[in-house]
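The values are calculated or read from the model by the stated rules, or taken from the named source; none is laboratory data. From a predicted model like this one, the values you see are computed outputs, not experimental measurements. Ideal geometry is used to build each Cβ from the backbone, glycine not excepted, and the neighbour counts take in all protein chains shown.
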């Protein structure tokens with residue numbers, strides 16, 4: 001449904017829409033080496049768990065371009081590339097998931113395969129990850145659309161739309177599918193401090209696609225819920241633990257608490273690749289701590305006292321008991337999530 005591409009592979013380069021410049025400027029970057037790709041991921045030029053996974057896969061391809069033709073060294077150096085990429089964003093599980101997929105196909109390659117053949121095998125797998133992400137987004141949209149009704153007021157936090165994936169998005173996908181089917185509803189996008197992904201990205205994306213969207217500040221959500229303007233909440237996820245605890249953009253937990261207090265369904269939308277069965281619950285999820293400048297400065301302007309102490313966790317964890325349902329590419333999961341998630345992987 002969207003009329004722009006967040007990232008794609010072209011002429012042996014990873015091309016990304018630079019999200020640091022939105023909404024003021026629509027600029028694409030052509031990344032041709034591993035260092036530039038790592039920097040783009042680290043500095044949020046490309047962001048959103050599924051998009052990071054796709055970007056990491058293609059970034060690994062950029063890394064192997066410069067490797068020698070020694071097959072033994074190739075395997076060793078490839079693992080070093082994966083380690084470098086994994087270090088860029090520690091919370092989003094899709095990044096490591098994509099790198100593990102590449103490592104697996106590499107380990108399964110014929111022993112007689114040459115380095116050029118190994119590079120081609122890896123590129124084909126990266127393409128497959130990208131194509132699958134687009135398909136997952138479509139399926140999430142189709143499964144989730146049934147949960148939204150004509151006339152709903154829908155709150156979303158951060159950006160989990162097309163800008164966060166290779167396809168139409170996760171949390172926004174059901175809204176796009178619903179709109180295409182003719183449903184009328186209103187979306188409230190909170191600004192999502194400190195980086196304003198809701199204001200800069202979600203509002204831009206939804207407005208561009210012709211949906212009825214209203215931007216609010218983060219501290220307005222409770223008031224709007226109390227007034228009856230919001231009937232549903234939907235967010236994405238960067239990692240879902242085996243028990244259904246959800247790591248997502250900082251502030252998500254607060255929105256979930258508000259939704260529970262007001263009796264409003266709180267939905268999480270994510271592909272299976274975001275579910276981390278090795279993480280038993282949210283307390284084990286590593287939360288990325290980002291630079292204090294993101295809090296003390298806004299568009300280059302200092303908005304806090306010089307030298308002030310700052311906490312800037314990029315994510316928080318919403319306990320599974322606050323989640324009404326998890327919308328995946330294979331269906332809608334209902335609580336209790338521990339057995340529901342385990343059943344998916346039998």
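Is it the case, given these coordinates, that residue 290 is without any contact (Cβ under 8 Å) to a residue 40 or more places away in the chain, under 18 Å from the mean Cα position of the chain (by Cα) and within 30 Å of residue 101 (Cβ to Cβ)? Against the criterion (without any contact (Cβ under 8 Å) to a residue 40 or more places away in the chain, under 18 Å from the mean Cα position of the chain (by Cα) and within 30 Å of residue 101 (Cβ to Cβ)), residue 290 qualifies. Taking segment 290-321 as the range and being within 30 Å of residue 139 (Cα to Cα) and touching a strand residue (DSSP E or B) at 6+ places or on another chain (Cβ under 6 Å) as the test, the residues that pass are 315, 317, 318.
Looking only at residues in segment 256-271 that are part of a helix (DSSP H, G or I) and touching a strand residue (DSSP E or B) at 6+ places or on another chain (Cβ under 6 Å), which one is farthest from residue 136 (Cα to Cα)? Once the filter is applied, the top-ranked residue is 259. Filtering 62, 73, 118, 106 for residues that are more than 30 Å from residue 184 (Cβ to Cβ) and in contact with a strand residue (DSSP E or B) (Cβ under 7 Å, 6 or more places away or on another chain) leaves a single hit, 62. Kindly indicate whether residue 128 is within 19 Å of residue 7 (Cα to Cα), part of a helix (DSSP H, G or I), within 23 Å of the chain's Cα centre (by Cα) and without any contact (Cβ under 8 Å) to a residue 40 or more places away in the chain. Yes; evaluated as a whole, the condition is true for this residue. Evaluate segment 246-255: report whether one residue or more is part of a helix (DSSP H, G or I), surrounded by 24 or more Cβ atoms within 10 Å (Cβ to Cβ) and either free of Cβ contacts under 8 Å to residues at least 60 places away in the same chain or in contact with a strand residue (DSSP E or B) (Cβ under 8 Å, 6 or more places away or on another chain) (or both). So far as segment 246-255 goes, yes, one or more of its residues are part of a helix (DSSP H, G or I), surrounded by 24 or more Cβ atoms within 10 Å (Cβ to Cβ) and either free of Cβ contacts under 8 Å to residues at least 60 places away in the same chain or in contact with a strand residue (DSSP E or B) (Cβ under 8 Å, 6 or more places away or on another chain) (or both). Within the option set 327, 308, being at pLDDT 95 or above and assigned to a loop (DSSP other than H, G, I, E, B) holds for one residue only, 308.
Total residues in segment 22-37 satisfying the condition of being outside any helix (DSSP H, G or I) and surrounded by fewer than 23 Cβ atoms within 10 Å (Cβ to Cβ): the figure is 11.
Condition check ((1) touching a residue at least 60 places away in the same chain (Cβ under 8 Å); (2) part of a loop (DSSP other than H, G, I, E, B); (3) surrounded by fewer than 24 Cβ atoms within 10 Å (Cβ to Cβ)) across all residues:
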{"site": "135", "(1), (2), (3)": "yes, no, yes"}
{"site": "147", "(1), (2), (3)": "yes, yes, yes"}
{"site": "158", "(1), (2), (3)": "yes, yes, no"}
{"site": "175", "(1), (2), (3)": "no, no, no"}
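For the criterion of being more than 20 Å from residue 23 (Cβ to Cβ), under 17 Å from the mean Cα position of the chain (by Cα) and not in a helix (DSSP H, G or I), residue 189 fails. Condition (residue is in contact (Cβ under 8 Å) with a residue 60 or more places away in the chain, surrounded by 16 or more Cβ atoms within 10 Å (Cβ to Cβ), out of contact with any helix residue (DSSP H, G or I) (no Cβ under 6 Å at 6 or more places or on another chain) and under 30 Å from residue 101 (Cα atoms)) applied to segment 306-318: is it met by at least one residue? Yes, there is a match, as at least one residue in segment 306-318 is in contact (Cβ under 8 Å) with a residue 60 or more places away in the chain, surrounded by 16 or more Cβ atoms within 10 Å (Cβ to Cβ), out of contact with any helix residue (DSSP H, G or I) (no Cβ under 6 Å at 6 or more places or on another chain) and under 30 Å from residue 101 (Cα atoms). In segment 38-61, the qualifying residues are those that are assigned to a helix (DSSP H, G or I) and free of Cβ contacts under 8 Å to residues at least 40 places away in the same chain, and the one that is surrounded by the most Cβ atoms within 10 Å (Cβ to Cβ) is 40.
The set of residues from segment 1-21 being free of Cβ contacts under 8 Å to residues at least 60 places away in the same chain and either in a strand (DSSP E or B) or surrounded by 17 or more Cβ atoms within 10 Å (Cβ to Cβ) (or both) comprises 10, 13, 14, 15, 16.
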